[in-house]
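The values are calculated or read from the model by the stated rules, or taken from the named source; none is laboratory data. A quick note: this is a predicted structure, and the numbers were derived from the prediction, not measured. Every residue, glycine among them, receives a Cβ derived from its backbone with ideal geometry; neighbour counts consider all protein chains shown. For the accessible areas, the whole protein counts, side chains as well, though only heavy atoms, and no ligand, DNA or RNA atoms are used. Shrake-Rupley method; radii C 1.70, N 1.55, O 1.52, S 1.80 Å.
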Amino acid sequence: MTWKLTLPKACYEATGSIVELGLSSPLHVSIVSKSKDFQGQLAGFQVIPNDDPAFTGQPADSELHASNPLRCDDCYVRENDLIAIYPQVFPWAFGFQVDFRFQKGLVAGVDALELWLSVQTSLLESAPKLTLQPTADGASWKGDRYWVAGHGHAVIMPHPLDRADCRATASPKTGDVSQIDCFGRFMEKGVIRRARWLLAWSTSPTSKSPLSSSTIDSVHQRFAESPLPLTA
């Protein structure tokens, strides 16, 4: 099994699920289960770039940025990795890159997709931010160290070393997470800031068997101990 790339889409078909990437702007990640006991997406989210308004003083969804989105300029497969590059163009103060790696059987009954997010600027100063926004119906996220989908069959987590660079926005009433912001701090020209994420899901989801807390803890531990990707 390997990545199938047909711009602006890519997919990785595993035994029990399909990873689908929409590489146009915004970048979209979707996990679709093949299980007859589960219909729809196991997980889905967008990766939305924006200049941190706390630094720039401009709205994150300003009309200028919205009408000139960052576009995937290059995408290629290298061994087990798929790399998508969104270079800096006006009016953006930065560009970004995402490296994807499918991990079969990270722990028993769980497959995963590792994401290596990178931001870089050619300006003397900026505050790039990438926002992960859930899109799957009925799969709102809840949690703290990591965020579990509402149906319990998928979990998304930053690497423990990168957790301090992530901030979740949650509803005070329901606890549902509407977005997770990554980066956003001051950054100078020539600096590359990176963060590792993991999206993991059950290979055989059913309505009565969500991922257990012990399984999620095992996934988190395996991720924490895993080596850096080849591109590190």
**Report entry** Pick from region 177-204, criterion among the charged types (D, E, K, R) and either part of a loop (DSSP other than H, G, I, E, B) or at pLDDT 90 or above (or both), ranking: farthest from residue 151 (Cα to Cα)
**Finding:** 189
Requested in this report: Given the conditions (1) among the small types (Gly, Ala, Ser); (2) more than 26 Å from residue 211 (Cβ to Cβ); (3) touching a residue at least 60 places away in the same chain (Cβ under 8 Å), report the number of the one that residue 14 does not fulfil.
Outcome: (2)
Query raised in the report: Can you tell me which residue in region 146-169 is nearest to residue 97 (Cα to Cα), limited to those that are surrounded by fewer than 15 Cβ atoms within 10 Å (Cβ to Cβ) and touching a strand residue (DSSP E or B) at 6+ places or on another chain (Cβ under 7 Å)?
Result: 167
Requested in this report: Could you grab me the full set of residues in region 205-222 that are surrounded by 17 or more Cβ atoms within 10 Å (Cβ to Cβ) and either in a loop (DSSP other than H, G, I, E, B) or touching a Lys or Arg at 6+ places or on another chain (Cβ under 8 Å) (or both)?
Outcome: 205, 210, 211, 220
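Tally time: how many residues in region 18-41 are within 17 Å of the chain's Cα centre (by Cα) and of a type outside the set (A, V, I, L, M)?
8
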**Report entry** Filter result for the condition that a residue is more than 18 Å from residue 29 (Cβ to Cβ) and of a type in the set (S, T, N, Q), over 174, 203
**Finding:** 174
**Report entry** Check on residue 61, open to solvent by less than 30 Å² (accessible area, probe 1.4 Å), within 30 Å of residue 185 (Cα to Cα) and at pLDDT below 75
**Finding:** no
Query raised in the report: Which condition breaks for residue 72 when tested against (1) outside any loop (DSSP other than H, G, I, E, B); (2) at pLDDT 95 or above?
Result: (1)
Query raised in the report: Say we look at region 86-123 and pick out the residues that are surrounded by fewer than 17 Cβ atoms within 10 Å (Cβ to Cβ) and more than 20 Å from residue 227 (Cβ to Cβ); which of these is nearest to the chain's Cα centre (by Cα)?
Result: 87
Requested in this report: Being under 19 Å from the mean Cα position of the chain (by Cα), polar (S, T, N, Q) and within 23 Å of residue 14 (Cβ to Cβ) narrows it down to one of 135, 169, 206, 131, so name that one.
Outcome: 135
**Report entry** Condition broken by residue 132, with the remaining ones in (1) buried (at least 19 other Cβ atoms within 10 Å of the Cβ); (2) more than 15 Å from residue 200 (Cβ to Cβ); (3) touching a residue at least 60 places away in the same chain (Cβ under 8 Å) satisfied
**Finding:** (2)
Query raised in the report: What are the residues in region 182-204 that are open to solvent by 30 Å² or more (accessible area, probe 1.4 Å) and closer than 18 Å to residue 33 by Cβ, if any?
Result: 203, 204
